[in-house]
């Protein structure tokens, strides 16, 4: 069993070595993690509130809005992937994160965006597909 601090150190070391992933994107703590319901990016709740979602902030506006962070992220997710170079990664294509920024992503995220947000996304031409692999959409 790897200790939580050791896992955090490994994630940060991998990101720094790659030189492609901003350290702001890597979760700063292994507690209070949440995953974006639109893109599955994993960060701490404070990181989402302070920086928003690196991929979705144009649509979800979580930056500075804790209520939106709670509505648009989930604390219930399975597995994590550290994606540093989407063009070289078959996993990023399989997980549908190939066009996203380098970062740590959940394999499956439990939950759905609120209906009002889904309607807003649709009106802006963004197709919402649940990141929950336990259900088929």
(message) Exactly one of these conditions fails for residue 128: (1) surrounded by fewer than 20 Cβ atoms within 10 Å (Cβ to Cβ); (2) closer than 17 Å to residue 33 by Cα. Give me its number.
(response) (2)
(request) Look at residue 116 and say whether it is more than 14 Å from the chain's Cα centre (by Cα), modelled with pLDDT of 95 or more, surrounded by fewer than 17 Cβ atoms within 10 Å (Cβ to Cβ) and not in a helix (DSSP H, G or I). (result) no
(request) Tell me which residues, restricted to region 43-77, are touching a residue at least 40 places away in the same chain (Cβ under 8 Å) and either more than 24 Å from residue 124 (Cβ to Cβ) or in a helix (DSSP H, G or I) (or both). (result) 59, 60, 71, 72, 75, 77
(request) Please find, within region 94-113, the residue that is surrounded by the fewest Cβ atoms within 10 Å (Cβ to Cβ) out of those that are touching a helix residue (DSSP H, G or I) at 6+ places or on another chain (Cβ under 8 Å) and free of Cβ contacts under 8 Å to residues at least 40 places away in the same chain. (result) 99
(request) Within region 92-111, track down each residue that is part of a loop (DSSP other than H, G, I, E, B) and modelled with pLDDT of 95 or more. (result) 110, 111
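The values are calculated or read from the model by the stated rules, or taken from the named source; none is laboratory data. If you're wondering where the values come from, they're calculated on a predicted model, not measured in any experiment. Don't worry about glycine lacking a Cβ; one is built from the backbone with ideal geometry, like all the others, and counts go over all protein chains shown.
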